[in-house]
Amino acid sequence: MNRLLLEHLPISVLTGLLGWSAGGSWLCVPLALTVGWCIDVDHLFDFAYYWLRHQKNPDLSFICSGGYFYINGKIFVPLHSWELTFFLVMGLGFFTQNWILALTTGVAHSIHLLQDMRAYKVRLLGYSFISRYSRAFEQHDFCGSKPS
């Protein structure tokens, strides 16, 4: 459980603080935390899909292990997306005109995805929403191998 809570926290805080100190405003810290640490909340979407398909006493230990991905045979994780990184940077940049804030947010999001790719052996396009959609969100080939 500690890993789930702390895995992305330190680097997200550091990224936000660096953005703030570079002149991006104090908002760099909460936005970096939101997109660099809190986006794992989208796993609840995949767990809900599992629970709705297997309504009889769903195994809650799967929330920590990710075992529901293998049972579902699908991986949605809608916030884990390179396209979202692009939209975050461009949207924040254009709407706030604070490009340091926008880039800090994009870096925090990208670091989260890169950490997950390394830890779970996710293939490069595994975190492309377009790629997942074109494969009907099938779990097959999402990871190079089953993570340990």
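The values are calculated or read from the model by the stated rules, or taken from the named source; none is laboratory data. In this text, all values refer to a predicted model and were calculated from it rather than measured experimentally. So basically every Cβ, Gly included, is an ideal-geometry build from the backbone, and we count neighbours across all protein chains shown. SASA here: full protein model, heavy atoms, side chains in, ligands and nucleic acids out. Shrake-Rupley method; radii C 1.70, N 1.55, O 1.52, S 1.80 Å.
Quick notes on this one:
- Scanning segment 85-99 for residues that are on the phi < 0 side of the Ramachandran plot and either in a strand (DSSP E or B) or surrounded by fewer than 19 Cβ atoms within 10 Å (Cβ to Cβ) (or both) gives Phe86, Phe87, Met90, Gly91, Gly93, Phe94, Phe95, Thr96, Asn98, Trp99.
- Qualifying position, being farther than 21 Å from Pro10 by Cα, among the small types (Gly, Ala, Ser), assigned to a helix (DSSP H, G or I) and touching a helix residue (DSSP H, G or I) at 6+ places or on another chain (Cβ under 8 Å), among Gly126, Gly106: Gly126
- In the condition set (1) touching a residue at least 60 places away in the same chain (Cβ under 8 Å); (2) over 16 Å from the mean Cα position of the chain (by Cα); (3) surrounded by 13 or more Cβ atoms within 10 Å (Cβ to Cβ), Gly73 is compliant with all but (3).
- Search result, residues across segment 100-115 that are open to solvent by less than 20 Å² (accessible area, probe 1.4 Å), among the polar types (S, T, N, Q) and within 19 Å of Tyr127 (Cα to Cα): Thr105
- Output for segment 63-78, where each listed residue is closer than 30 Å to Leu14 by Cα and either basic (Lys, Arg) or assigned to a helix (DSSP H, G or I) (or both): Ile63, Cys64, Ser65
- Checking Trp37, Trp20, Trp82 one by one, the residue that is in contact with a Phe, Trp or Tyr (Cβ under 6 Å, 6 or more places away or on another chain) and either β-branched (Val, Ile, Thr) or farther than 21 Å from Arg132 by Cβ (or both) is Trp20 and no other.
- First in segment 117-135 and at pLDDT 90 or above, second anywhere and open to solvent by 90 Å² or more (accessible area, probe 1.4 Å), Cβ under 7 Å, 6 or more apart: Ser131/Leu125
- Hey, Tyr120 surrounded by 17 or more Cβ atoms within 10 Å (Cβ to Cβ) and either among the acidic types (Asp, Glu) or closer than 20 Å to Leu6 by Cα (or both) or not: yes
- Checked against (1) farther than 24 Å from His140 by Cα; (2) open to solvent by less than 90 Å² (accessible area, probe 1.4 Å); (3) modelled with pLDDT under 95; (4) not aromatic (Phe, Trp, Tyr), Arg3 passes all but a single condition, namely (2).
- Of residues in segment 32-57 being open to solvent by 50 Å² or more (accessible area, probe 1.4 Å) and either among the aliphatic types (A, V, I, L, M) or in contact with a Ser or Thr (Cβ under 7 Å, 6 or more places away or on another chain) (or both), the one farthest from Ile71 (Cα to Cα): Trp37
- Looking only at residues of segment 6-31 that are of a type in the set (A, V, I, L, M, F, W, C) and outside any helix (DSSP H, G or I), we find that the one that is surrounded by the most Cβ atoms within 10 Å (Cβ to Cβ) is Leu27.
- Verdict on Leu60 being in contact (Cβ under 8 Å) with a residue 60 or more places away in the chain and more than 21 Å from Tyr127 (Cβ to Cβ): no
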